[in-house]
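The values are calculated or read from the model by the stated rules, or taken from the named source; none is laboratory data. Only a predicted model underlies this, so the values are computations on that prediction, with no experimental measurement involved. Methodologically, a virtual Cβ is constructed for each residue, glycine included, from the backbone with ideal geometry; neighbour enumeration extends over all protein chains shown.
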Amino acid sequence: MSAVEEVVTEAPAVEAVPKRAMTLGTGTSLLVLAALIIMPIFVKNFIIFQMTMLLIYGLAVLALNILTGGSGQFSLGQSAFYAVGAYTTAVLMEHFEVNYALTLPIAGIVCFGFGFLFGQPALRLSGVYLALATFALATAMPQLLKLNFLEHWTGGVQGLVVTKPDAPFGLKMSQDMWLYYFSLVVVIGIYLLAVNLLRSRSGRAFMAIRDNEIAASAMGVDVALYKTLAFGVSAAITGIAGSLGAIAVQFVAPDSYTITLAVSLFLGMVVGGVGWLPGSIVGAAFIIFVPNIAEGISKGLSGAVFGVLLFLVIYLVPHGARQVAILGQQLAGKLRKN
Amino acid sequence: MPAVTGKLAAASLALALIAAATSTASAQKKYDTGATDTEIKIGNIMPYSGPASAYGIIGRTEAAYFKKINDEGGINGRKINYISYDDAYSPPKTVEQARKLVESDEVLFIFNSLGTPPNSAIHKYMNSKKVPQLFVATGATKWNDPQNFPWTMGWQPNYQSETQIYAKWLLKNKPDAKIAVLFQNDDYGKDYLKGLKDGLGAKAASMIVMEESYETSEPTIDNHIVKLKSTGADVFMNITTPKFAAQAIKKNAEIGWKPLHFLNNVSASVGSVMKPAGYENGQDIISADYLKDVSDPAWNNDAGMKEFLAFMTKYFPEGDKLDKGTIVGYAVAQTLVHVLKQCGDDLTRENLMKQAASVKDFRTEALLPGIKINTGPNDFAPISQLQLERFKGERWELFGDVISADVGG
């Protein structure tokens, strides 16, 4: 039909990533895990808090990675799912006094439903058009949270304050440290599920759709079902990240979940390497720490400095952290041969 | 042997004496984390980037003012180390930066952090850590709540006290007024509306004929104005932010509605509201203010204004003098310096809050004549006075006395 559409369909922005290349080797995984477990013992509470945020944003980036890297669909609306998850937890904890740990699966289910439903109309769209539709969702969300008839629950513009949980079973551990380990367990659990999902039948279906929709449907993949499913799964994981975020930050307000957050998550995915799940944590580190570095370089021009840094990353390593990891691997292989 | 013991005894006596001397000295000088003999560490969080980055100039003015104080020898011999971070007006980032300031940089307190949502996000944290959240840069009424949040204090007049002042004036001068209210549908608009209702008291229900709200996402508020006009109200309470305020003033003129027009202080700016709305359309609008307007020629020969301009020229030449943020930052920094001087050598967090809550009749010359800063153990609203002003020609003219209203959160 039109030239624009052809360009969009002919040049997929997401390149095919073989499924084995989506994860880390067992040895490396264990090493990273050990580092994540031991580190909090040696650092201040503030650093633990930052690491908790790193895990949470990492989880949200992972969710986007499943959607984009796995099934090839774009989303600039992740902040909306993140907000729904955060508000679900905040409202349940503060108005219904539900235990924080129980709010996580509820937030996941609510967001899954939300994402699945949103996936229905999104089916008709692809590429940049889908990105725009999700963009609209992200822009609308902060305003929806301010709506009058929801205000009784959401607290409107004032937001809701969430109580931070103490460590259970009389453990002598600060709230921050407990929350860190709690988040770590959740994140590892979801990471393993995500890896298994992508290795499963459904995961192969996602990737078949990503690589070539027509071929996938010819092979008998229910394209509509799997596309909406990918949206649902991604939304559910983002929602759980949102609820962890609400507990860690102890506050939810519409201003916390603007389009900036959606763009940050998207950015995190690209920097971490599209389709490479471990890269999610690297991407999260980028969106948390690089703005701080940029601010340290120049207060007035922090945005510009951030832009330059981002440009350098994209220019030098267009495939993000995945490229760095592959280079490292090759280097290690060469050294071993010598 | 005895000689050695004698020497030892003498040495230990000397040590004991030294210990005694230092302990009396430290009894006079008391410090919490962030304060020493030579330095006071102050934290601050501002939106230098993001949607509210226009306010970042307040933080930059404060940094310039503290530089001036340090160049002049500091406060009681201590230099101010002002650490200001960017939160891009995003509450989760505010929490991160506040924790960084308190736990990593170990500041004595956080000063003038900006915005209602960002400050709400750290409200509970600061109070549970017992670290002062002093002179926050927001007009919400909830910061004046010493019973529940003894470590948080506002600075500027809160929104409720402003409309209370309008209500007082109306009850006195126009008790049979029919009031139509237009307000922004958020915490700021609702705070203003509550102040108006509280101020009118029992008569609120009969005097307010219509409350109309708008969303910031609406491109124009013309239809609201037409609706408000149809009520036949003779007083228009305009609780809007600058862009909408200018639209409202223009639309009023277009459709020939000439009520007694009250415009909230948020939009009482000549440059960003009255000029774009057209001077001829804004005649006789009433507003209220507490700071001197740099663009007002009435202050041309005012000593306080000259001092401010001299400070700007010397320490912050790149800052825009006409931007209200600069004079706000200047005035709030002066208030802090006053409180820190009052603390003397007892720089504990507790004493800081105690001194901040015992300011008596303090004036910075950036305030309008007659307006004084007063606080008390049950009054955490430093500025609670305003003066009414009327728009004449191309500028605001003050009229009447300074009116006060204290409102708690």
Quiz item: A:ALA248 is checked against (1) within 12 Å of another protein chain (Cβ to nearest Cβ); (2) within 19 Å of A:LEU76 (Cβ to Cβ) and fails just one. What number does that condition carry?
Solution: (2)
Quiz prompt | Pairs with Cβ under 6 Å, 6+ apart, first in segment A:292-316 and within 11 Å of chain B (Cβ to nearest Cβ), second modelled with pLDDT under 85 and not in a helix (DSSP H, G or I) | solution = A:SER302/B:SER49; A:GLY303/B:SER49; A:VAL305/A:SER298
Quiz item: Given (1) in contact with a helix residue (DSSP H, G or I) (Cβ under 6 Å, 6 or more places away or on another chain); (2) farther than 29 Å from B:TRP143 by Cα, where does B:ALA366 come up short, assuming only one miss?
Solution: (2)
Practice problem: Among the residues of segment A:316-330, count how many are of a type outside the set (A, V, I, L, M), more than 21 Å from the chain's Cα centre (by Cα) and either closer than 17 Å to A:VAL32 by Cβ or surrounded by 11 or more Cβ atoms within 10 Å (Cβ to Cβ) (or both). | Solution: 2
Quiz prompt | Check on B:PHE244, buried (at least 16 other Cβ atoms within 10 Å of the Cβ) and at pLDDT below 90 | solution = yes
Exercise. Would you be able to tell me the number of residues in segment B:147-162 that are within 26 Å of B:ASP401 (Cα to Cα) and in a loop (DSSP other than H, G, I, E, B)?
Key: 5
Practice problem: Residue by residue through segment B:97-121, note down the ones that are more than 17 Å from the chain's Cα centre (by Cα) and more than 7 Å from chain A (Cβ to nearest Cβ). | Solution: B:GLN97, B:ALA98, B:LEU101, B:VAL102, B:ASP105, B:GLU106, B:VAL107, B:LEU108
Practice problem: For segment B:123-146, indicate whether the set of residues that are away from chain A (no Cβ under 12 Å), out of contact with any His (no Cβ under 7 Å at 6 or more places or on another chain), assigned to a loop (DSSP other than H, G, I, E, B) and free of Cβ contacts under 8 Å to residues at least 40 places away in the same chain is non-empty. | Solution: yes
Quiz item: Which number in (1) crowded, with 17+ Cβ neighbours inside 10 Å; (2) farther than 28 Å from A:LEU55 by Cβ; (3) out of contact with any helix residue (DSSP H, G or I) (no Cβ under 8 Å at 6 or more places or on another chain) marks the one condition that A:LYS146 misses?
Solution: (3)
Quiz prompt | Complete set of residues in segment B:99-122 that are touching a strand residue (DSSP E or B) at 6+ places or on another chain (Cβ under 6 Å) and not hydroxyl-bearing (Ser, Thr, Tyr) | solution = B:LEU101, B:ASP105, B:VAL107, B:LEU108, B:PHE109, B:ILE110, B:PHE111, B:ASN112, B:LEU114, B:ALA121
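Can you report the number of residues in segment A:253-311 which are part of a loop (DSSP other than H, G, I, E, B), on the phi < 0 side of the Ramachandran plot and not aromatic (Phe, Trp, Tyr)?
Of segment A:253-311, the ones part of a loop (DSSP other than H, G, I, E, B) are A:253, A:258, A:273-278, A:298-301.
From the residues that got through so far, the ones that are on the phi < 0 side of the Ramachandran plot too are A:253, A:258, A:274, A:276-278, A:298-301.
Within this subset, residues satisfying the condition of being not aromatic (Phe, Trp, Tyr) are A:253, A:258, A:274, A:277-278, A:298-301.
Of the residues in that region, 9 qualify.
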Practice problem: For segment B:149-168, name all the residues that are aromatic (Phe, Trp, Tyr) and closer than 22 Å to B:ALA180 by Cα. | Solution: B:TYR159, B:TYR166
Exercise. Kindly list the number of the only condition in (1) facing chain A (nearest Cβ under 9 Å); (2) more than 18 Å from B:GLN334 (Cα to Cα); (3) crowded, with 23+ Cβ neighbours inside 10 Å that fails for B:PRO47.
Key: (1)
Exercise. Would you mind telling me which numbered condition in (1) surrounded by fewer than 18 Cβ atoms within 10 Å (Cβ to Cβ); (2) within 9 Å of another protein chain (Cβ to nearest Cβ); (3) farther than 30 Å from A:THR163 by Cβ B:GLY56 fails?
Key: (1)
Quiz item: Which of (1) modelled with pLDDT under 90; (2) within 23 Å of A:GLY275 (Cβ to Cβ) is the odd one out, the single condition A:GLN175 does not satisfy?
Solution: (2)
Exercise. Could you list all residues from segment A:90-109 that are under 25 Å from A:ALA224 (Cα atoms) and crowded, with 22+ Cβ neighbours inside 10 Å?
Key: A:ALA107, A:GLY108
Quiz item: How do the pairs read when you match residues in segment A:92-107 that are more than 16 Å from A:ALA235 (Cβ to Cβ) with residues anywhere that are in a loop (DSSP other than H, G, I, E, B) and not aromatic (Phe, Trp, Tyr), using Cβ under 6 Å and keeping only pairs 6 or more apart or on different chains?
Solution: A:LEU92/A:VAL98; A:MET93/A:VAL162; A:TYR100/A:PRO165
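Give the residues of segment A:78-106 that are touching a Cys at 6+ places or on another chain (Cβ under 8 Å) and either within 13 Å of A:LEU160 (Cα to Cα) or acidic (Asp, Glu) (or both), sorted by residue number.
A:THR88 - this is the single residue of segment A:78-106 that is touching a Cys at 6+ places or on another chain (Cβ under 8 Å) and either within 13 Å of A:LEU160 (Cα to Cα) or acidic (Asp, Glu) (or both).
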Quiz item: What pairs come up if the first residue lies in segment A:251-275 and is within 14 Å of chain B (Cβ to nearest Cβ) and crowded, with 24+ Cβ neighbours inside 10 Å, the second is assigned to a loop (DSSP other than H, G, I, E, B) and β-branched (Val, Ile, Thr), and their beta carbons are under 9 Å apart, counting only those six or more places apart or on different chains?
Solution: A:PHE251/A:VAL162; A:VAL252/A:VAL162
Quiz item: So is B:ILE83 of a type in the set (A, V, I, L, M, F, W, C), in contact with a Leu (Cβ under 7 Å, 6 or more places away or on another chain), within 13 Å of another protein chain (Cβ to nearest Cβ) and more than 28 Å from B:VAL402 (Cα to Cα) or not?
Solution: yes
